[in-house]
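Novice: Below: one structure in structure tokens.
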Amino acid sequence: MRKLVALALLSACFYTGCGDKSEEKEKTTSSVTDRRGHQLYMTNGCAVCHGDLGHGDGRIANTLRPAPRDFRDLSHYKRGASVEQIAETIARGIGGTSMPGYPHLTSQDRLSIAQHIVFLQNQP
Ligand code: HEC
């Protein structure tokens, strides 16, 4: 009987490739995070200023001075373009501009949004 179970496990590994499972899980997890970041980006009004794809062309962008810039242009970040730095910018905002702080969001939510910004940096 035990031999049969072992055999069943072994052949399950053979057909599905046990080693690949964790990779697959990682992919799913990161796309779930992306979706959450995107959702938070839309529901917290980021897109109204920054544009749906972060090109600096949101609905009210041309009323803002300074205007939001294109997230793909890494040389224009005053506070840094990494996930951690962007999460910090989201928490504090940028004084003297219309970029508001979001201290009321959880740090996990700020990280998810920041991950979404970094995702947008790499879009065409
Ligand atoms: C009312 C308009 C407005 C909203 C809403 C807004 N931003 Fe901004 N944001 C700006 C402007 C304007 C700048 C450019 C500020 C500057 O030139 O210093 C900016 C700058 C930034 C930057 C670049 C920071 C840097 O280092 O230079 C990031 C990243 C950013 N915003 C993310 C977000 C995210 C994420 C949200 C939503 C959670 C958001 N913004 C909501 C107007 C807005």
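The values are calculated or read from the model by the stated rules, or taken from the named source; none is laboratory data. This structure is a prediction, so every number in the text was calculated from the model and none was measured. Every residue, glycine among them, receives a Cβ derived from its backbone with ideal geometry; neighbour counts consider all protein chains shown. Surface accessibility is based on the protein's heavy atoms, side chains included, excluding ligands, DNA and RNA. Shrake-Rupley method; radii C 1.70, N 1.55, O 1.52, S 1.80 Å.
Novice: Give the accessible surface of the stretch 51-124 per residue, rounded to a whole number of Å², with probe radius 1.4 Å and ligands, DNA and RNA excluded.
Specialist: Details: 4430 Å² over 74 residues.
The answer is 60 Å² per residue.
Novice: What does the charge add up to near residue 53, with Lys and Arg as +1, Asp and Glu as -1, over the other residues with Cβ less than 10 Å from its Cβ? Walk me through the numbers before you get to the answer.
Specialist: Numbers: positive: 72; negative: 52, 57, 70.
Here the count lands on -2.
Novice: Given 37 °C and 0.692 mPa s, compute D for the stretch 26-121 with the Stokes-Einstein relation, Rh being the Kirkwood radius over Cα pairs; round to the nearest whole µm²/s. Please report the intermediate quantities before stating the final value.
Specialist: Values: Rh = 13.3 Å.
Using the Kirkwood radius from Cα pairs, D works out to 247 µm²/s.
Novice: Please give the net charge around residue 92, taking every other residue with its beta carbon less than 11 angstrom from that of residue 92, where Lys and Arg add +1 and Asp and Glu add -1. Display every interim value, and only then the final one.
Specialist: Values: positive: 79, 110; negative: 88.
With Lys, Arg at +1 and Asp, Glu at -1, the neighbours total +1.
Novice: For the stretch 45-124, give the percent of accessible area contributed by carbon and sulfur heavy atoms, probe 1.4 Å, rounded to a whole number. Walk me through the numbers before you get to the answer.
Specialist: Numbers: 2520 of 4590 Å².
Percent of accessible area from carbon and sulfur atoms in the stretch 45-124: 55.
Novice: Right, next: Under 8 Å for C-alpha pairs, at least 6 residues apart: give me the relative contact order for the stretch 26-121, rounded to a whole percent. Before the final figure, lay out each step's value.
Specialist: Values: 124 pairs, mean separation 28.1, N = 96.
Contact order relative to length: 29 percent.
Novice: Let me ask another. Where nothing but the Cβ of Lys and Arg (+1) and of Asp and Glu (-1) is charged, how large is the charge dipole of the stretch 26-121 around its Cα centre, in debye to the nearest 20? List each step's numbers first, then the result.
Specialist: Values: 11 positive and 9 negative charges, 37 e Å.
In debye, rounded to 20, the stretch 26-121 gives about 180.
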